[in-house]
Amino acid sequence: MDINFVRERITQLRMAKGISEYQMSYDLGHSRGYINNISSGKSLPSLTELFAICDYFQITPAEFFDPSMGNPNLKKHVVSGLDLLSERDLQLIQSIIAHLIQRG
């Protein structure tokens, strides 16, 4: 993990949420270019602001720093939906996942 990770991760999460840099800056209570400055490498968020960014995306700092988490909110939504399925449906989902993994 390097210094570019934070800016790339914010961009990844922002794009997954479908919001602009301007909108995110505004939502966080900052000037128009706040997120752009982070994304372009001109600045980094403070620790306090990083926690605010995690809250904004409704993720934990651990999820933010886990590169395997791609879109943590999507995974949370899928997992919570699994709780509502029958055992037979879960087995079907499991076989679909195995098939998709095999296809690569």
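Please list, ordered by first then second residue, the pairs with beta carbon atoms under 7 Å, 6 or more apart or interchain, first in segment 1-28 and modelled with pLDDT under 95, second of a type in the set (Lys, Arg) and surrounded by 14 or more Cβ atoms within 10 Å (Cβ to Cβ).
none
Being over 15 Å from residue 13 (Cα atoms), assigned by TED's automatic domain parsing to the domain that holds residue 21 and modelled with pLDDT of 90 or more is the requirement here; does residue 49 meet it?
Answer is yes for this residue.
Residue by residue through segment 70-88, note down the ones that are of a type in the set (Gly, Ala, Ser) and exposed (fewer than 11 other Cβ atoms within 10 Å of the Cβ).
Within segment 70-88, 80, 81, 86 qualify.
The values are calculated or read from the model by the stated rules, or taken from the named source; none is laboratory data. Note that the structure is a prediction, hence the values are computed from the model and not measured. Glycine also receives a Cβ, built like all others from the backbone with ideal geometry; neighbour counts cover every protein chain displayed.
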